[in-house]
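K.L.:
What follows is a structure written as structure tokens; I'll ask about it next.
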Amino acid sequence: MIPIVAGGIIYPGESIYSPNGAVRLTYQTNGDLVVVDGGNFITSISKTGGSEPGIVTLQADGNLVLYNKSYQSLWASSFYCNGSYLKVQDDGNVVIYVPNSNDRGALWDSKGYTAYNRASCN
């Protein structure tokens, strides 16, 4: 599995997979960003279904943002750290890691685990 790094883009209909290939982060053609495990829906990350899809990108500042067709931001992770990267994990969690953390410094995750134990961006 290749992580998404700054500037990485997911287009409608595309997916990013976990290392074992069972879990995927999919930007659906209905505009929703979802996590699916083996065909079973886990969660809607963005809750933007019904919008005109544009792109999902991990910006250079580490913020994961979903833009509609008119390039208006509809959803964002709202956490920032230059050089961060995103991974889809086998446990169904999607995580943005701070740079050089060896997958140990979570800045944001789709399950909300980092809400009280967020890594520092230093």
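Every number in this text was worked out from the coordinates using simple rules, so none of it is lab data. Quick caveat, the model's predicted, so the values are computed rather than measured. Note that we place each Cβ from the backbone using ideal geometry, even for glycine, and neighbour counts take in every protein chain shown.
K.L.:
How would you classify the chain from its alpha-carbon gyration tensor, with a ≥ b ≥ c the square roots of the eigenvalues: rounded for a/c under 1.5, else prolate if a/b is greater than b/c, otherwise oblate? Walk me through the numbers on the way to the answer.
P.N.:
On the way: a/c = 1.71, a/b = 1.23, b/c = 1.39.
Judged from the Cα gyration tensor, the chain comes out oblate (a/c at least 1.5, b/c at or above a/b).
K.L.:
Here's something else I'd like to know. By how many nm would the segment from Asp91 to Ile55 lengthen if fully extended, with 0.36 nm per residue of separation less the alpha-carbon distance?
P.N.:
Roughly 10.5 nm would be gained on extension.
K.L.:
Can I ask one more? Place a label point 7 angstrom from the Cα of Asp103 along the Cα-to-Cβ direction, then list the residues of the range 7-41 whose backbone nitrogen is under 15 Å away.
P.N.:
17-24
K.L.:
Continuing with this model, one more query. Given a 10 angstrom Cα cut-off, can you work out which residue in Gln72, Gln59, Gln89 is the most mobile in a GNM of the chain?
P.N.:
Residue with maximal mean-square fluctuation among Gln72, Gln59, Gln89: Gln72.
K.L.:
Rounded, prolate or oblate: which fits the range 8-71 when a ≥ b ≥ c are the square roots of the eigenvalues of the alpha-carbon gyration tensor, with rounded for a/c under 1.5 and prolate only if a/b beats b/c?
P.N.:
Oblate.
K.L.:
Please list, or write none, the lysines whose alpha carbon is within less than 17 Å of the alpha carbon of Lys111, excluding same-chain residues fewer than 8 places away.
P.N.:
Cα-Cα hits under 17 Å: Lys47, Lys87.
K.L.:
Which of the chymotrypsin sites (Phe, Trp or Tyr not before Pro) found in the range 1-82 are in a DSSP loop and have at most 11 neighbouring Cβ atoms, other than their own, within 10 Å? Don't skip to the answer; put the middle values down first.
P.N.:
On the way: sites: Tyr17, Tyr27, Phe41, Tyr67, Tyr71, Trp75, Phe79, Tyr80; in loops: Tyr71, Phe79, Tyr80.
Those satisfying the criteria are Tyr71.
K.L.:
Let me ask another. Please tell me the relative contact order of the range 4-111 in percent, rounded to the nearest whole number, where contacts are Cα pairs under 8 Å and at least six residues apart. Could the numbers behind the result be given before it?
P.N.:
Values: 280 pairs, mean separation 25.2, N = 108.
Across the range 4-111, relative contact order equals 23 percent.
K.L.:
So, one more: Build a GNM of the chain with springs between Cα atoms under 10 Å: which of Ser70, Ser15, Ser46 gets the top mean-square fluctuation?
P.N.:
Ser70
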